[in-house]
1. Once each part is reduced to its C-alpha centroid, what is the distance from segment 346-393 to segment 245-272 in angstrom?
2. Give the relative contact order (percent, whole number) for segment 276-535; include only Cα pairs under 8 Å separated by 6+ residues.
3. Which of the aspartates and glutamates could a cross-linker span from Lys50 if the Cα-Cα distance has to be under 18 Å and same-chain partners fewer than 8 positions apart are dropped?
4. Work out the FRET efficiency for Glu35 and Lys202 from their Cβ-Cβ distance, taking R0 = 25 Å, and round it to the nearest 0.05.
5. Report the Rg/Rh value for segment 402-495, based on alpha-carbon coordinates and the Kirkwood definition of Rh.
6. Could you rank the peptides 78-89, 39-50 by their average count of other C-beta atoms within 10 Å per residue, with the highest value first?
7. Could you tell me the relative contact order of the chain? Use alpha-carbon pairs under 8 Å, at least six residues apart, and round to a whole percent.
8. Dividing the alpha-carbon radius of gyration of segment 8-256 by 2.2 N^0.38 Å (N being the number of residues), what value is obtained?
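Just so you know, all these numbers are worked out from the coordinates, no wet-lab data involved. Bear in mind the structure is a predicted one, so any value in this text is a computation, not a measurement. In this analysis, Cβ positions are derived from the backbone assuming ideal geometry, glycine residues included, and neighbour counts consider all displayed protein chains.
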Amino acid sequence: MNKHKSLLTVDALSVSFTMESGTVDAVKSMSFTLEKGQTLALVGESGSGKSVTSSAVMGLLPKNARVSPTSKIWFQGTELLALPDKKLRQFRGGKIGMIFQEPMTSLNPYMPVGEQVAEAIRCHRNLSMKAAMEETLALFERVHLPDPRKRLRHYPHEFSGGQLQRIMIAMALANKPDLLIADEPTTALDVTVQAEVLALLKEIQAEMGMAILFITHDLGVVRHFADDVVVMCKGEVVETGSVEKVFHQPENPYTRMLLDAEPKPAVRDDNSTSPLILQAEDVRVNYVLKSNWLGQPTEYLEAVKGISLQLRQGETLGIVGESGSGKSTLGRALMQLLPSTGDIAFEGKNMNQMTASERFELKRHMQMVFQDPFGSLSPRMTVGDIITEPLTVFTKMTRAERMQKARQVLHEVRLDPHSINRYPHEFSGGQRQRIAIARALIFEPKFILLDEPTSALDRSVQLTVLDLLKDIQRKHNIGFLFISHDLAVVRAISDHVMVMQRGEVVEQGTPDQIFDHPQQAYTQRLISACMLIEDAA
């Protein structure tokens, strides 16, 4: 294919990073072409070089990155790597749009989201602010953002993870690009919204003739969405071809391993006689939406509406539901991170009646893994210091002892134990999530709240992490509250499942009852959307 006729041609791309420990080759002589209207998926595990490739196309590589002089990236006949930054900015956001993996770190926390999308429009087109805001409203409606006109004035922290990702998709499509680079665009979305967004992207692609470079670790989405596939492993291309060929006749063992990596329901232990570790009765959480001039609340949003639950030692309770259903809000209320009404008891003792010292000691036994690993890891601390920070508060271990413990936990979550002196920004999204899990596990607590702990992980790594969590749970009798939109993962790890919608529990039972014999229409819709993504060819 002539590089000047193809929409995008990547020719012998090699990218390395200069680190304190030496040079790391992230992408090794990678080549592919992308035609107008085509969807090409880059697939591989975290650290395979997928996101580095997309960053190179956008000219967004960090300062310590080095692109080989023999590398070429042609877009519509223009060699992007040869352009000065000022000219490259004309392509970014205009002819080439990008949806980033972590929306919270990509949006300005000090600006309303409507203004941010309007700003992206005005950077490339001579429009008034009013006209740009009207276009932004239309985009918000198109990506199914709830109450779009009202949400124009809201800030990023006022949205759920899935809603933030929809805003990022709206921003990427704002200037009708010829090429859309989608870096894990559905990672933070629940299955129903994921299916809607994929259908939306396909619809817009058909209208505009837009090409899509789709980067993901979710092979179910690739099978449903892409035309062709490039499989990457450790910076190299190991297999290419049509979706039909790669999925039905994979030639490389690595590709076969990726296709076989699907969470399977496990044999569950009987914990019905185990002591209760966590109890909640009629828990309610309200958010203040409006206040009068005296600062008194006048309008509320009831995010959690009288939920009760029980969790026994060694048991896992899975909570599923769409973005905005109240899953994470409930979890934060149980962890005492949000004010709530109702009774919450840990090991039989009401938290509202605990003394200050008892509350402090409780932190040792209750840990949490947050949904956004980048936001929960300090960029100024090394991985070793991040993981061992709890040990400095509750133990008298020496630094050498703490670092040795950190190496052991990193090894358990399949990260290089020698990476304790590196910083969070030096890791991929999936690797950062494993660091967050390691930090929660280092204390061997009695209870762990896992809020979307595997959403950023590849399927093969998900299996490893799920097995790790199960092993640790059996060994130490830990109770897990597992919040996720990934139904396959929830089924694989949970003893009981609660389905939430708009702050309420609509259905609960064993995984077999919920997934094989759902009673409520909402649960049936969630499962149907999941099957659509997994089974579509």
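1. Each part's Cα centre sits 33 Å from the other's.
2. Once divided by the residue count of segment 276-535, the mean separation gives 26 percent.
3. Lys50 reaches Asp11, Asp25, Glu102, Asp183, Glu184, Asp218, Asp227, Asp228, Glu236, Glu239, Glu426, Asp458.
4. So, using R0 = 25 Å, E works out to roughly 0.95.
5. 0.95
6. 39-50, 78-89
7. Relative contact order of the chain: 16 percent.
8. 1.01
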